[in-house]
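Only one structure is covered here, and it is reproduced in the block below.
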Amino acid sequence: MSHAFIVNGAQVESTAPDDTPLLDVLRDELDLKGSRFGCGQGLCGACTVLVDGRPVLSCDTPLWAVAGKAVTTVEALVRDGTGARVKSALIEAQAGQCGYCLSGIAVRLTHAIDTGLRNRAELADALSRNLCRCGAQPRILAAAVAVAQELAQQPNTKVA
Ligand code: FES
Ligand code: FES
């Protein structure tokens, strides 16, 4: 049986077994390597993607669960809009160390900012769902706060 869904705006179909982790389909079938394998157990957030606009852990999401849904990976999310701002802020601040966690974190923070989170405490809470083994969270959080505050000062800021 195959499962049809949308990835970054394109219709895709996978014949992988029902319980194949979405992360494996993204990386191995669709060659979208931005979503990372960290723990594989739904604990670290390195594999975070959006499904129908909400953050999910793709290592812990079976293929069948995304049938008919829209998946957005970091590759598309940071092309423009809030995602591009988050990416630039992380790079400008040299926020990461090894960088392994950053794609999942960029997805998480872009969603958090797009849903209206603007202050440090709110963003820190969102960030708490993604681990950084290098301990770079303070720089990552500072970059996110800078983006959120910049948007807060602009009228017509997108709030999804
Ligand atoms: S790799 Fe998915 S949560 Fe760690
Ligand atoms: S920068 Fe290395 S895991 Fe976060």
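Any idea what the alpha-carbon Rg over 2.2 N^0.38 Å comes to for the range 69-136? All intermediate terms of the calculation are to be shown ahead of the outcome.
Details: Rg = 11.6 Å, N = 68, 2.2 N^0.38 = 10.9 Å.
Normalised by 2.2 N^0.38 Å, the Cα Rg of the range 69-136 equals 1.06.
How are the alpha carbon pair distances in the chain distributed across 5 Å bins from zero to the largest one, expressed in percent?
Values per bin, smallest distances first: 2, 10, 19, 22, 19, 13, 9, 5, 1, 0.
Cα centroid distance between the range 36-79 and the range 1-31, in Å?
Taking the Cα centre of the range 1-31 as reference, the centre of the range 36-79 is 11 Å away.
Read-outs: derived from the displayed coordinates by stated rules, not from any lab. Predicted model, so just to flag it, every value in this text is computed and none were measured.
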